[in-house]
Amino acid sequence: MRLCEGSIDRRYLVEKIDLPFALERRLEALGMTIDGPIETVDKKGKGIMIIKIRGTRFALGYNITKNIIVREDL
Amino acid sequence: MNNLTIGFIGNPNCGKTTLFNAYTGADLKVANWPGVTVEKVEGSFEYKGQKIHLVDLPGTYSLTSYTMEEIISRNFILSDEVDVIINVIDAGALERSLYLTLQLLELNKPVVIALNMMDIIEKRGLEIDMHRLPEMLGIPVIPVSARKRRGLDSLIHAAIHHKDAPIDPLIHEHKETSKHRHDHHKEYTMVYSDDIEDKIDIIIEALDKQYHDVKDKRWVAIKELERDNEIIEKYPLDLPFLKDDHSSLIINEKYDFIGEVIDEVLVHRERTDVFTEKVDKVLTNKWAGIPIFLLIMAVVFFLTFTVGDFIKGYFEMFIDLISKAADDALIYIRAGDTLRSLVVDGIIAGVGTIITFMPNILILFLCLALLEDSGYMARVAYIMEGIMSKMGLSGKAFIPMLLGFGCTVPAIMASRSLEDRRDRLKVMLVTPFMSCNARLTIYILFAEMFFSDKAMIIAYSMYLIGIIVAIITSFIIHIFDKGHTVNYLLIELPEYKLPDAHTVAIYVFEKVKDYLEKAGTTIFLATIIIWLILNFGPGGLVSDMSESFGAYIGRFLVPVFTPIGLGFWQVVVALIAGISAKEVVVSSMAVLFGVVNASSPAGMALFSSSLMSIGFESLNAFCLMVFCLLYIPCAATLATIKKESGSWSWTIVCAGFQLFVAWIVTFIVYQLGLFLI
């Protein structure tokens with residue numbers, strides 16, 4: 001599913017990032033790697049979210065969260 | 001004396017500038033949001049007979065740079081200027097920070113880690129194994145607290161000592177044993193999978209054959225695999241596997257290694273900052289976020305107005321004393337009427353009036369400093385993302401706009417943190433609509449003169465009008481833009497911190513100093529020029545200002561300003577003068593009407609009666625405030641727009657556009673006012 005469809009206070013694993021090259025690399029540099037874990041902290045609107053990547057909180061806009069495919073970390 | 005150049009590099013908001021200030025005694029601005037430092041700053045000090053040259057670099061998450069400030073950092077680190085790199089790391093964000101560390105280590109330059117904010121993570125209950133961490137990275141790791149100035153000597157000692165030292169033999173082992181033909185684990189901290197290492201070897205061989213000037217071959221080889229634009233243009237290679245981008249693989253492998261390091265060195269990593277989480281539940285709440293933001297700004301404004309006005313009374317008494325003393329002294333030395341008029345009605349009336357507003361300015365900056373240092377600023381980007389994205393801007397663009405409440409110049413510079421150039425240009429266009437401290441002087445004076453008990457609400461409305469006009473303008477541009485730009489909000493939310501008294505004091509002191517400097521330079525000069533054009537006319541010295549050059553210029557433009565309720569030559573002259581600095585509108589009006597200490601109760605009474613005598617009423621005062629809020633920013637802002645955009649034509653477009661918007665909005669307000677009253 002897309003990250004923007006995720007719920008608050010859940011842990012997901014990143015499956016695919018489909019964003020412009022520079023932004024994709026930047027997210028990876030911040031630790032959002034394929035199969036890497038992310039935690040959702042807050043969400044509003046269609047999918048503006050606060051997430052935690054490797055212990056650090058980031059705010060992401062909908063244009064980003066709708067282009068990240070995740071699966072739940074069971 | 002030996003010289004040593006040290007570069008401070010690290011992720012945004014990790015405390016580089018605080019550390020830089022601690023060493024150099026500089027008073028550079030620091031705050032708790034990512035992107036405060038946008039320029040390379042240099043300073044120096046002596047340590048045990050050695051001259052240390054420090055360079056504070058803008059924050060960066062990696063050496064593959066996408067924003068302007070990141071490119072500045074990367075270029076400096078790659079240059080030969082730097083002897084030792086100090087990688088400043090926020091101990092609370094160790095895992096993410098080590099990514100940049102691994103990239104720095106690949107440069108084959110001396111690197112020392114300054115592990116900052118150790119006191120904060122200890123409070124949270126986290127522990128870092130300070131024996132194992134340097135062992136695994138092969139470089140010195142020095143715990144420091146930049147805010148409390150702890151560990152500073154040890155850090156600089158380590159940097160000096162480490163300058164010529166080779167990277168220590170590494171004694172860590174990866175989970176998987178390498179079968180690679182080179183035993184790279186003894187050479188490098190970061191060793192990749194065999195497949196990547198083989199490719200690195202092939203690239204290095206190719207570089208050896210084709211290029212002889214490559215210094216850091218391993219780093220260049222890794223960048224070739226990552227398809228780094230600068231490197232592939234500089235050293236093009238014809239290798240089949242370079243058609244593929246290996247950067248994801250390289251990043252993943254780096255984070256795999258970082259995972260190993262974290263597993264070994266970080267104890268109780270599950271302990272999070274509960275305070276930040278609890279506060280964020282309220283401040284970033286989807287329903288309460290915006291109302292809380294507006295409430296905070298209202299409180300800021302309330303304090304600026306009430307507490308500021310209370311202290312202002314004492315400044316007014318002081319200016320009164322100065323004015324009387326100067327006049328007495330000039331009479332005593334039998335100075336002519338012209339000189340007395342220049343000093344008392346010109347310089348003291350103009351500059352003195354501006355100085356009386358200093359307490360309001362001080363309170364405003366104190367509040368902004370507390371907001372910036374607490375960590376709230378970055379949350380505003382998240383709170384405003386919903387609205388801003390509809391306007392074609394990222395929520396992050398709201399930070400420079402919010403900083404514009406203080407001063408437009410640093411606000412426009414802060415637009416550098418935006419990745420997209422179109423975003424930056426848009427922010428440069430709309431940020432001047434935010435009410436800066438200079439405009440506050442106009443609001444305080446005219447709101448108190450014409451709206452007495454509703455003065456605070458009227459002045460606050462200017463801030464809201466500024467935000468609304470900025471947002472509507474962005475929306476209109478977005479419509480014309482037809483979705484050419486997609487905005488991506490990505491901003492780190494730092495942990496909340498109790499604002500540091502020293503940091504806040506530096507911030508406020510610098511801003512007040514700037515304000516006083518401006519009063520003593522730009523406003524002083526503008527006041528003298530205004531006095532001259534109002535006291536001289538085609539026939540020389542005039543006794544009636546309506547015969548002066550100023551009056552001629554003003555009258556010529558009155559027809560343009562009449563439809564917006566500002567068709568008075570005195571107001572027109574003040575508005576033209578206000579382009580030098582917005583406070584000059586107030587000082588010019590004080591000179592025009594010969595009011596000394598215009599902000600005092602007696603001065604205001606005289607001032608308002610003089611204005612009313614020419615037909616200037618409360619609606620005109622409101623229109624004046626709206627026009628001043630929106631029209632051409634000050635000369636310093638225009639210079640900054642030119643510097644940041646690199647374009648005179650864009651600067652002229654900005655100035656013309658703001659003048660146009662100011663006229664249209666004021667016209668609507670005035671015509672609506674006439675209709676309703």
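Read-outs: derived from the displayed coordinates by stated rules, not from any lab. None of these values were measured; they are calculated from a predicted model. Note that each Cβ is placed from the backbone with ideal geometry, even for glycine, and that neighbours are counted across all protein chains shown.
Quick one: 3J(HN,Hα) in Hz for the stretch B:140-147, Karplus 6.51/-1.76/1.60 with θ = phi - 60°, rounded, Gly and Pro as x.
Per-residue couplings from phi come out as x, 10, 10, x, 9, 10, 4, 5 Hz.
So how tilted is helix B:289-332 from the main axis of chain B? Cα-based, degrees 0 to 90, rounded to 10.
With rounding to tens, the tilt is 50 degrees.
Using Cβ counts within 10 Å as a stand-in for footprinting exposure, how do B:Met428, B:Met604 rank, fewest first? All intermediate terms of the calculation are to be shown ahead of the outcome.
Values: B:Met428 26, B:Met604 19.
The order, fewest Cβ neighbours first, is B:Met604, B:Met428.
Could you give the Stokes-Einstein D for the protein assembly as shown in µm² per second, using the C-alpha Kirkwood radius, 4 °C, 1.567 mPa s? Write down the numbers at each step before the final one.
On the way: Rh = 28.4 Å.
Translational diffusion coefficient: 46 µm²/s.
Evaluate the Debye formula for chain B with equal point scatterers sitting on the alpha carbons, no solvent, and hand back log10 of I(q)/I(0) at q = 0.05, 0.10 Å⁻¹, in q order, two decimals.
-0.30, -0.98
Running a GNM on chain A with Cα contacts under 10 Å, which residue among A:Arg11, A:Arg54, A:Arg26 ends up with the highest mean-square fluctuation?
A:Arg26
Per-residue mean of other chain beta-carbon atoms within 10 angstrom of the beta-carbon, peptide A:58-68?
Working: counts 9, 14, 6, 15, 6, 8, 5, 1, 0, 1, 0.
Taking all residues of A:58-68 together, the mean is 6.
Considering amide H positions built from the backbone, and no H for Pro or chain starts, which residues 5 or more places from B:Gly10, or on another chain, come under 5 Å of its amide H?
The list, which skips near neighbours in sequence, is B:Thr60, B:Val88.
Whose amide H sits under 5 Å from the amide H of B:Tyr47, counting only residues 5 or more places off or on another chain, with H placed in the peptide plane?
Distant-sequence amide H within range of B:Tyr47: B:Ile52.
Whole-Hz Karplus ³J(HN,Hα) for the stretch B:593-608, in order, using 6.51 cos²θ - 1.76 cosθ + 1.60 and θ = phi - 60°, x for Gly and Pro?
Result, rounded to whole Hz: 9, x, 9, 8, 6, 4, 8, 6, x, 5, x, 5, 4, 5, 4, 5.
Any of B:Lys223/B:Lys426; B:Lys163/B:Lys186; B:Lys48/B:Lys109; B:Lys109/B:Lys254; A:Lys46/B:Lys123; B:Lys40/B:Lys390 with alpha carbons more than 29 Å apart? Name them for me.
Numbers: B:Lys223/B:Lys426 33 Å; B:Lys163/B:Lys186 20 Å; B:Lys48/B:Lys109 23 Å; B:Lys109/B:Lys254 19 Å; A:Lys46/B:Lys123 37 Å; B:Lys40/B:Lys390 34 Å.
Table pairs above 29 Å Cα-Cα are B:Lys223/B:Lys426; A:Lys46/B:Lys123; B:Lys40/B:Lys390.
Ranking B:Ser600, B:Ser394 by Cβ neighbours within 10 Å, fewest first, what do you get? Intermediate results must be reported in sequence, preceding the final value.
Numbers: B:Ser600 21, B:Ser394 27.
Going from sparsest to densest Cβ surroundings: B:Ser600, B:Ser394.
Under a point-charge model restricted to the Cβ atoms of Lys and Arg (+1) and Asp and Glu (-1), what is the dipole moment magnitude of chain B relative to its Cα centre, in debye to the nearest 20? Please list the in-between numbers first.
Details: 58 positive and 78 negative charges, 417 e Å.
Here chain B has a charge dipole of around 2000 debye.
Check cross-link reach from B:Lys324 to the lysines: straight Cα distance under 25 Å, and skip same-chain residues fewer than eight apart.
Partners within reach: B:Lys312, B:Lys518.
What list do you get for B:Val585, B:Val344 if you sort them by fewest beta carbons within 10 Å? Don't skip to the answer; put the middle values down first.
Working: B:Val585 28, B:Val344 19.
Placing the least packed residue first, the sequence is B:Val344, B:Val585.
Could you work out the local net charge near A:Gly36, counting Lys and Arg as +1, Asp and Glu as -1, over the other residues with Cβ closer than 13 Å to its Cβ?
Values: positive: A:Arg11, A:Lys16, A:Lys52, A:Arg54, A:Arg71, B:Arg96, B:Lys254; negative: A:Glu15, A:Glu28, A:Asp35, A:Glu39, A:Asp73, B:Glu95, B:Glu253, B:Asp256.
Taking every other residue near A:Gly36 into account, the sum is -1.
Charges only on Cβ, +1 for Lys and Arg, -1 for Asp and Glu: so what's the dipole of the protein assembly as shown about the Cα centre, in debye to the nearest 20?
Numbers: 72 positive and 89 negative charges, 403 e Å.
Its charge dipole is roughly 1940 debye.
Determine the shielding of peptide A:46-55 by partner chains: average, over its residues, the number of Cβ atoms on other chains within 10 angstrom of each Cβ. Don't skip to the end; give the middle numbers.
Numbers: counts 2, 0, 9, 3, 5, 1, 3, 3, 12, 12.
That works out to 5 on average.
Long-range amide H contacts for B:Asn597: which residues qualify at under 5 Å (H placed 1.01 Å from N, peptide plane, sequence gap of 5 or more or a different chain)?
Here the answer is B:Thr353, since their amide H atoms fall under 5 Å of that of B:Asn597.
Using only the alpha-carbon atoms, how far is helix B:94-105 inclined from the longest principal axis of chain B? Give it as 0 to 90 degrees, nearest 10.
Rounded to the nearest ten degrees, it is 70.
Using the Karplus curve 6.51 cos²θ - 1.76 cosθ + 1.60 with θ = phi - 60°, what ³J(HN,Hα) values do you get for each residue of the stretch B:5-10, in whole Hz, with x for Gly and Pro?
With the stated coefficients, the stretch B:5-10 comes to 9, 10, x, 8, 10, x Hz.
Could you give the longest part of chain B that holds none of the chymotrypsin sites (Phe, Trp or Tyr not before Pro) found in DSSP loops with at most 14 neighbouring Cβ atoms within 10 Å?
Working: sites that count: B:Tyr211, B:Trp287.
The longest uninterrupted stretch comes out as B:288-677.
With a ≥ b ≥ c taken as the square roots of the eigenvalues of the C-alpha gyration tensor of the stretch B:574-620, please select rounded if a/c is under 1.5 and otherwise prolate if a/b is larger than b/c or oblate if it is not? Don't jump to the answer; show the numbers that get you there.
Values: a/c = 2.15, a/b = 1.33, b/c = 1.62.
Taking the square roots of the gyration eigenvalues as a ≥ b ≥ c, the stretch B:574-620 is oblate.
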